[in-house]
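To keep things clear, I will list the structure first and then write my remarks on it.
No lab work stands behind these numbers, since they all come straight from the coordinates. A quick note: this is a predicted structure, and the numbers were derived from the prediction, not measured. With ideal geometry, Cβ positions are generated from the backbone for all residues, glycine too; neighbour counts draw on all protein chains shown.
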Amino acid sequence: MAYVDGFLLPVPKKKLKAYAALSKKMGKIWREHGALAYRECVGDDMNVMPGCGLAFPDLMKLKPGHVAVFSFIVYKSRKHRDAVNKNVMSDKRLANPPKTMPFDMNSMCTGGFKVFVDV
């Protein structure tokens, strides 16, 4: 079964264009090193479905002027993810990260997920 790294982060709307540019660069690098898919999704319909808990903005405690971004990278397996990430982290294009990021790294949530239902 596939393996997925997931990310949830608040991005200031005024920095969304800069975030997209950074994400395109990062996505290209991940794909070149073997990731099966790299997706960045910006919040659009953030209204909670009736009876379904919290809306992302409430869960994330989004500040005014920020938007929720949900991102994920798909791999063949956790072993494949570990190998891809090892190669990505040693990629020379990442040797000089931006001095400032278009989002607060401390507000980002991350995790690795085993796919256990695939319809």
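The table below gives the values:
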| item | result |
| --- | --- |
| Only one of Ser90, Ser77, Ser71 that is without any contact (Cβ under 8 Å) to a residue 24 or more places away in the chain and of a type in the set (Gly, Ala, Ser) | Ser90 |
| Criterion violated by Leu36 - all others in (1) closer than 27 Å to Ala83 by Cβ; (2) touching a Leu at 6+ places or on another chain (Cβ under 9 Å) satisfied | (2) |
| 1 or more residues surrounded by 17 or more Cβ atoms within 10 Å (Cβ to Cβ): qualifying strands (runs of 3 or more DSSP E) within the range 12-114 | 37-42, 66-75 |
